[in-house]
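A short worksheet on the structure shown next.
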Amino acid sequence: MMVVGRLSSAFSETLHLTKHVAHVSLFITVVLLFEVGAGGLWGDPPTSPSYPPLVTLLFQLLRLLPLLALPQAVFNLLGLICFNAFPERAKLKGSPLLAPFLCLRVVTRGDYPDLVRQNVNRNLTTCLRVGLEKFMIEVVTDKKIDLPENQRVRQVVVPSSYRPKSGALFKARALQYCLEEDVNILLDTDWIVHLDEETLVTESAIRGILNFVIEGRHQFGQGLITYANENIQNWFTTLADSFRVSDDMGKLRFQFKVFHKPLFGWKGSYVVTQTGAERRVTFDHGPDGSVAEDNYFGMVALREGYSFDFIEGEMWEKSPFTIYDFLQQRKRWLQGILLVVHSPHIPVSTKWLLAVSLYSWVTMPLALASVILSTIFPVPVPGALNVIAAFVGGVNFYMYIFGVIKSFRVDRVGWLRMTMCMAGALVTMPFNFLVENIAVIRGLVGNKHKFYIVNKLTGIPDKVVSTV
């Protein structure tokens, strides 16, 4: 039996490595094809039309915009290539009995009580199935929910009268309330797993979290979230979110595994924090730190010298159910990160890569215009600029493909459906690009101190919007 077990383990390891090698080969091929194609799309024109000097300068400046996206494209490439993109299932490095206490903290306004109850029960079952002993699920809500509270489930209702010292709002306000002396029941050595109300933990994620906290080398961690599990409500938004899956496995993983810092920021769910470190960083950073509270928290933690790591194992969430929600979600992210990047309380040395990433997003409409104008009004540019533009385009194109492969998995959906999903992701790319551009424009001109909450259940017509 021991020999059979070793052979099975060796076969599994070889299979996962083979998948990674095939993925790397496809990735490099796509980037090279973009570089070859760039000779026609981006190259200098055979003749040099004459434009007024200011017009020529404007066109050349527009052609520089892909440089803003270069750092994150490099991190995505290295993250997807340097680390196995199809790792084996995480094995526990120690007994769950020896692990520190875990608090799975779910923050909600209380607008979807049925969803919260359902997911609390599912997550509780998953934790028990893995053998987790020292844990509880804590629901933090503005409106009281009918929950079966016991030693495993705790509900914290945030009083409407509660005001953090700095005036933090929205989710940051609720998170800060949990850290107050008369509310917090956790020790500084305990760990908090932050989840959204729709987040489902998996056995692989619990094993990865246990390994992370047992090792205890870093105060903060985050892992992969996928969006194509169980029933898919909107194929357009789900396929569009395949890019986010690649972003987790690329840029996010590389920055945490190599630098152990949130150089480009991080997400607000599947966040694992040591309680003492979270209480010292706090979520009480005023209105500017309340729209993208996750990124503001990450930047403050980075400024204070805390370390981060990537956690193996994935969690499940749902993409927005409508394109309007998708647009509003992106708009809020952009506005929140704008407030983070422009905050005088975070030094430039801490946030400069996040700022570069943000400005590449903000200038997306201009970048699109430069692509169109370069074919109509070609101007001479250095060859290196063509290479960079093609590289960025190739990396971003492939990230949609990989995101679909990672989200749907051939062993679950079969080759035919997988091929259809990849084709669908590529077809939706232009429409996704259009929606992202609209979100940028609306985000730049709208009220930035607004927190839009997307629908979490079908059949609910009204969206909840909180404003200052």
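The values are calculated or read from the model by the stated rules, or taken from the named source; none is laboratory data. Owing to the predicted nature of the structure, the values given are computational and were not obtained by experimental measurement. All Cβ positions, even for glycine, are placed from backbone atoms using ideal geometry, and neighbour counts span all protein chains on display. Ligands, DNA and RNA are excluded from the accessible area calculation, which covers all protein heavy atoms including side chains. Shrake-Rupley method; radii C 1.70, N 1.55, O 1.52, S 1.80 Å.
What residues from the stretch 66-92 fall in the zone where the backbone N is under 12 Å from a label point 7 Å along the Cα-to-C-beta line of L426? No residue qualifies, since no backbone N sits under 12 Å from the label point. Within the accessible surface of the chain, defined with a 1.4 Å probe on protein heavy atoms only, the carbon and sulfur portion equals 64 percent. Taking every alpha-carbon pair within the stretch 283-403, the share separated by more than 22 Å comes to 55 percent.
Of the peptides 373-380, 446-453, the ranking by mean beta-carbon count within 10 Å, highest at the top, reads 446-453, 373-380.
State in Å² the accessible area per residue of the chain; use a 1.4 Å probe, count heavy atoms of protein chains only, and round to the nearest integer.
Here the per-residue accessible area is 44 Å².
In a reduced charge model with +1 at each Lys and Arg Cβ and -1 at each Asp and Glu Cβ, the chain shows a dipole moment near 120 debye about its Cα centre.
Across the options L327, A292, V341, the greatest Cα extent toward the positive end of the charge dipole of the stretch 247-367 (unit charges at beta carbon of Lys, Arg, Asp, Glu) belongs to V341. Rg over Rh for the stretch 165-214 works out to 1.05, both radii taken from alpha-carbon positions and Rh defined as the Kirkwood radius. By its C-alpha gyration tensor, with a ≥ b ≥ c as the square roots of the eigenvalues, how is the stretch 146-186 shaped: rounded for a/c under 1.5, else prolate for a/b larger than b/c, else oblate? Since a/c reaches 1.5 and a/b is larger than b/c, the shape of the stretch 146-186 is classed as prolate.
Shown here: the stretch 185-264, whose C-alpha atoms stretch 42, 30, 20 Å along the first, second and third principal axes, sorted largest to smallest.
Taking the Cα centre of the stretch 354-452 as the origin, how large is its charge dipole in debye, to the nearest 20, when only Lys and Arg (+1) and Asp and Glu (-1) carry charge on their Cβ atoms?
With Lys and Arg at +1 and Asp and Glu at -1, about 340 debye.
The Cα trace of the stretch 97-152 gives Rg and Dmax of 11.8, 37 Å, the first to one decimal, the second as a whole number.
Near T189, once Lys and Arg are set to +1 and Asp and Glu to -1 for all other residues with Cβ below 15 Å from its Cβ, the sum equals 0.
Extension gain, N84 to R303, is 75.8 nm, computed as 0.36 nm per intervening residue step minus the present C-alpha separation.
When the alpha carbon gyration tensor of the stretch 214-259 is reduced to an equivalent ellipsoid, the three semi-axes, largest first, read 28, 13, 6 Å. Judged by the mean number of other Cβ atoms found within 10 Å, the most tightly packed of the peptides 418-428, 238-248, 256-266 leads the ranking 238-248, 256-266, 418-428. Distance between the pseudo-spin-label points of H342 and N231 (7 Å out from Cα toward the beta carbon): 4.2 nm.
Dividing the convex hull volume of the alpha carbon atoms of the stretch 44-183 by its residue count gives 263 Å³ per residue. Bridgeable aspartates and glutamates around K251 (alpha carbons under 17 Å apart, same-chain partners fewer than 8 residues away excluded): D241, D294, D309, E312, E314.
Taking a straight line from the alpha carbon of K448, these lysines sit under 24 Å away, with near neighbours fewer than eight places off in the same chain left out: K165, K171, K267, K331, K351, K456, K463.
Across all directions, the average projected area of the convex hull around the alpha carbons of the chain is 24.2 nm². Averaging 1/r over each pair of different alpha-carbon atoms in the stretch 122-225 and inverting the result gives 15.4 Å, the Kirkwood hydrodynamic radius. Charges were assigned to the Cβ only: +1 to each Lys and Arg, -1 to each Asp and Glu. The resulting dipole of the stretch 228-275 about its Cα centre is roughly 300 debye.
Here D182 and R412 are evaluated by their C-beta separation; at R0 = 45 Å the FRET efficiency comes out at 0.45. With a Förster radius of 41 Å applied to the C-beta separation of A384 and R122, the computed FRET efficiency comes to 0.20.
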